[in-house]
1. Stretched out fully, how many nm does the piece from Ala82 to Glu27 gain, at 0.36 nm a residue minus the Cα gap?
2. For the full complex of protein chains and a 1.4 angstrom probe, list Thr104, Thr30, Thr63, Thr3 by accessible area with the highest value first.
3. With r defined as the distance between the Cβ atoms of Asp57 and Arg128 and R0 fixed at 30 Å, what FRET efficiency is calculated, to the nearest 0.05?
4. At 4 °C and 1.567 mPa s, grab the translational diffusion coefficient of the stretch 52-102 from Stokes-Einstein with a Kirkwood Rh over Cα pairs, rounded to a whole number in µm² per second.
5. Suppose the chain between Glu103 and His90 were pulled fully straight at 0.36 nm per residue; how much longer would it get relative to their current alpha carbon spacing?
6. I'd like the accessible area for Lys56: 1.4 Å probe, protein heavy atoms, all chains in place, Å² to the nearest 10.
Amino acid sequence: MSTHYHALVWLDHRVAKVFHFNDDQNERVTVANSHIHQHLHHKANSSDSGHAPVDKDFLDRVTEAIDGAGAILIVGPGSAKAELHKHLEHLHPQVAAKVSAVETLDHPSDGALLAHARRFFKADDRMRSQIHG
């Protein structure tokens, strides 16, 4: 997709926004979940959690969108970000090794997402250069 080193993934269970960026440029790809989830209600005395199951196809398509990145920040409001990270660790360890952090972040604008990611990687890159330098 891109020659940008950094990638940001903001996701929930319906959509993932993937940004490849540097200091002054960015490219965005949107990955939509192809499965329409019904609103689930948790019933008393039931054995299930009431949560939608993880959509592995959706997570695979998000993985494809970030595969070429050198450093990845995963953010989002709910559990989808942790599910993506777990998916990467189990099925795509070479991509998981590039994840710098997984953070909770609500629903900011694209501009606010990119500003957050740029601040994050400015500090993260500095720290990594000290560790590996």
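The values are calculated or read from the model by the stated rules, or taken from the named source; none is laboratory data. Everything numeric here is computed off the predicted structure, so don't read it as measured data. Here the Cβ positions follow ideal geometry from the backbone for every residue, glycine too, while neighbour counts run over all protein chains shown. Accessible surface areas use protein heavy atoms only, side chains included; no ligands, DNA or RNA. Shrake-Rupley method; radii C 1.70, N 1.55, O 1.52, S 1.80 Å.
1. Computed gain between Ala82 and Glu27 is 17.4 nm.
2. Values: Thr104 105, Thr30 75, Thr63 5, Thr3 140 Å².
Largest to smallest exposure gives the sequence Thr3, Thr104, Thr30, Thr63.
3. Numbers: r = 32 Å, r/R0 = 1.08.
For Asp57 and Arg128, the calculated efficiency is 0.40.
4. Details: Rh = 10.9 Å.
This corresponds to a translational diffusion coefficient of 119 µm²/s.
5. Working: separation 13, 0.36 × 13 = 4.68 nm, distance 1.94 nm.
Extra length available between Glu103 and His90 comes to 2.7 nm.
6. About 120 Å², rounded to the nearest 10.
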